[in-house]
Amino acid sequence: MDDCVGRKQLNGALTLPVAFLVCNSLPPQGDRPARLTHDDVVTLFHEFGHGLHHMLTRIGYPSVAGINGVAWDAVELPSQFMENYAWLPEVLARIGAHVHGGAPLPEAKQRQLIATRSFQAGLHTLRQVEFALFDMRMHAEYDPQRGARVYPLLAEVRAAVAVTRVPEWNRYPHSFTHIFAGGYAAGYYSYKWAEVLAADAFAAFRESGAFDRNTAQRFLDTILSRGGSRDALAAFVEFRGRKPDITPLLELHGIAPDAPCASPPGM
């Protein structure tokens with residue numbers, strides 16, 4: 001997703017925002033029509049969330065309208081929030097159909113698909129924590145006298161949080177482009193933090209209904225329409241009525257203390 005035109009209201013003239021998505025899905029093959037995997041759908045919902053954030057802004061100053069000027073660790077909130085809808089049975093029933101005949105995705109298949117969301121979620125979470133801690137410590141603790149200490153520092157982080165042992169010859173940081181060449185230096189934590197915000201925001205819809213108009217209006221008024229014109233945490237607190245809570249994210253992944261274990265039928 002990227003912005004084509006930003007919203008602005010200058011000299012009495014209002015320019016409405018325009019966003020675009022560049023998608024890369026498999027094309028048709030011969031007489032077989034193009035089909036999207038569920039991963040494709042999740043990605044589409046994610047990027048459309050960015051699009052909504054850009055297009056629904058009500059801010060007339062370009063530098064803080066839409067996705068502009070939003071704190072780095074909150075800009076993924078709308079996109080990761082929208083991903084949740086790609087996992088709802090009532091949404092899957094609407095968007096998923098057999099390529100021949102149009103029959104909806106059977107409920108048993110829906111349950112199996114939804115169960116994959118929590119598969120090895122704990123390991124995935126700790127993997128992200130490992131990357132975030134390594135990134136933050138490497139930048140916060142850098143000492144020119146000692147050098148970068150990339151691998152000793154990574155070994156300390158892995159000893160603290162990793163579940164599986166990594167071979168000595170592993171050189172993962174060489175390909176960690178997010179923090180060395182991708183703009184996430186000292187900010188990789190924002191991926192997981194944005195997940196916390198998104199899951200907690202979506203919990204409000206789980207409480208009131210996934211398509212509850214009043215909740216959606218509050219989300220629009222407090223989050224989507226504000227752009228970077230207001231502190232991101234203050235906007236979130238206005239929406240939820242409190243500071244962020246990690247519990248909804250753990251529940252979505254099936255790793256909260258009281259969360260049911262999501263398993264496919266028959267397992």
Scan of the range 18-51 for residues that are farther than 18 Å from Q80 by Cβ and touching an Asp or Glu at 6+ places or on another chain (Cβ under 7 Å), ordered by number: F20, S25
Which of the residues spanning the range 200-235 are in contact (Cβ under 8 Å) with a residue 60 or more places away in the chain, touching a Ser or Thr at 6+ places or on another chain (Cβ under 9 Å) and assigned to a loop (DSSP other than H, G, I, E, B)? S225, R226, G227, G228, S229
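Filter the range 31-53 for residues that are β-branched (V, I, T) and either without any contact (Cβ under 8 Å) to a residue 40 or more places away in the chain or farther than 21 Å from V99 by Cα (or both) and give the result. I'd like the intermediate steps shown before the answer.
Of all residues in the range 31-53, those β-branched (V, I, T) come to 37, 41-43.
Once the filter is applied, which keeps residues that are β-branched (V, I, T) and either without any contact (Cβ under 8 Å) to a residue 40 or more places away in the chain or farther than 21 Å from V99 by Cα (or both), the range 31-53 yields T37, T43.
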So, in the range 157-199, how many residues would count as being of a type in the set (G, A, S) and not in a helix (DSSP H, G or I)? 7
Those residues that are farther than 17 Å from R158 by Cβ, over 16 Å from the mean Cα position of the chain (by Cα) and basic (K, R), I need them from the range 106-139; list them, please. K109, R111
Would you point out which residue out of G187, G183, G96 is farther than 23 Å from H253 by Cβ and either modelled with pLDDT of 95 or more or not aliphatic (A, V, I, L, M) (or both)? G183
Failed condition for F131, given (1) assigned to a loop (DSSP other than H, G, I, E, B); (2) farther than 30 Å from Q29 by Cα; (3) among the hydrophobic types (A, V, I, L, M, F, W, C): (1)
Just for the range 180-225: of the residues that are closer than 26 Å to A132 by Cβ and more than 18 Å from the chain's Cα centre (by Cα), which one is surrounded by the fewest Cβ atoms within 10 Å (Cβ to Cβ)? A181
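Within the range 18-52, count every residue that is polar (S, T, N, Q), surrounded by 10 or more Cβ atoms within 10 Å (Cβ to Cβ) and over 14 Å from the mean Cα position of the chain (by Cα).
Just the residues of the range 18-52 that are polar (S, T, N, Q), to begin with: 24-25, 29, 37, 43.
Now drop any that are not surrounded by 10 or more Cβ atoms within 10 Å (Cβ to Cβ), which leaves 25, 37, 43.
Then keep just the ones that are over 14 Å from the mean Cα position of the chain (by Cα); that gives 25, 37.
Summing the residues that are polar (S, T, N, Q), surrounded by 10 or more Cβ atoms within 10 Å (Cβ to Cβ) and over 14 Å from the mean Cα position of the chain (by Cα) in the range 18-52 gives 2.
One line per residue, one yes/no per condition, for (1) out of contact with any Gly (no Cβ under 9 Å at 6 or more places or on another chain); (2) surrounded by fewer than 17 Cβ atoms within 10 Å (Cβ to Cβ); (3) without any contact (Cβ under 8 Å) to a residue 12 or more places away in the chain:
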residue	(1), (2), (3)
P78	no, no, no
P106	yes, yes, yes
Q110	no, no, no
V129	yes, yes, no
L133	yes, no, no
E141	yes, yes, no
A148	yes, yes, yes
A155	yes, yes, yes
T164	yes, yes, no
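The values are calculated or read from the model by the stated rules, or taken from the named source; none is laboratory data. Keep in mind the model is a prediction, meaning the values are calculated, not measured. So basically every Cβ, Gly included, is an ideal-geometry build from the backbone, and we count neighbours across all protein chains shown.
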